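S.K.: There's a structure below that I have some questions on.
Every number in this text was worked out from the coordinates using simple rules, so none of it is lab data. Quick caveat: nothing in here was measured; it's all calculated off a predicted structure. Cβ placement follows ideal geometry from the backbone for every residue including glycine, while neighbour counts extend to all protein chains displayed.
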């Protein structure tokens with residue numbers, strides 16, 4: 001059984017016989033000596049979407065939910081529904097866009113390495129790779145002689161995400177972006 005401190009966004013757990021997925025995790029460190037770290041977690045029921053908020057201590061044990069992982073690729077978007085295809089057996093899965101609101105900024109049609117999390121044959125979340133390659137569509141012109149120092153400028157990427165990039169980069173270049181914190185990693 002994992003501890004509350006091991007919880008990550010997208011973790012599937014069982015609470016009172018129901019399966020939930022962790023969507024938001026807030027870590028709090030009390031200032032009192034000897035006080036344990038608290039985790040405020042917002043869970044969503046995978047069957048009916050009900051919200052459940054719990055505050056857990058870091059050493060509290062939680063029951064892991066039954067979960068299947070399948071490799072998928074982005075197929076198409078139809079309104080507020082995103083469709084994925086299983087790369088092994090070509091099964092189609094649909095997921096509401098509001099479930100994927102943060103991951104959508106990193107998803108492209110050619111993105112590989114996406115994993116669908118299934119509970120009882122129903123997709124509840126999509127895991128994306130740690131880094132993705134995206135194209136800079138709009139940014140200020142590169143500065144000649146700019147070094148790789150910490151000076152940055154805003155850049156709009158092909159998916160609509162806006163991040164800070166080093167001054168020497170120009171529109172049309174492909175870069176790697178960290179999907180956990182939304183920061184520039186390197187040129188692709």
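S.K.: Quick check on packing: order 123-135, 46-58 by the mean number of other C-beta atoms within 10 Å, highest mean leading.
M.R.: Per-residue mean Cβ counts within 10 Å order the peptides as 123-135, 46-58.
S.K.: How large is log10 of I(q)/I(0) for the chain at q = 0.09 Å⁻¹ when the intensity is taken from the Debye formula with one equal scatterer per alpha-carbon?
M.R.: Per q value, in the given order, log10 I(q)/I(0) is -0.43.
S.K.: Here's something else I'd like to know. Could you sort 75-85, 3-13 so that the peptide with the highest average Cβ count within 10 Å comes first and the rest follow in order?
M.R.: Highest to lowest by the protection proxy: 3-13, 75-85.
S.K.: Kindly identify region 68-127 as rounded, prolate or oblate by the Cα gyration tensor criterion: order the square roots of the eigenvalues as a ≥ b ≥ c, call it rounded if a/c is under 1.5, otherwise compare a/b with b/c, prolate if a/b is larger, else oblate. Could you put the intermediate results ahead of the total?
M.R.: On the way: a/c = 1.44, a/b = 1.22, b/c = 1.18.
It is rounded, given that a/c, with a ≥ b ≥ c, falls under 1.5.
S.K.: Now for a separate question. In nanometres, what is the gap between the two model label sites at residue 94 and residue 110, each 7 Å from Cα along Cα-to-Cβ?
M.R.: 2.9
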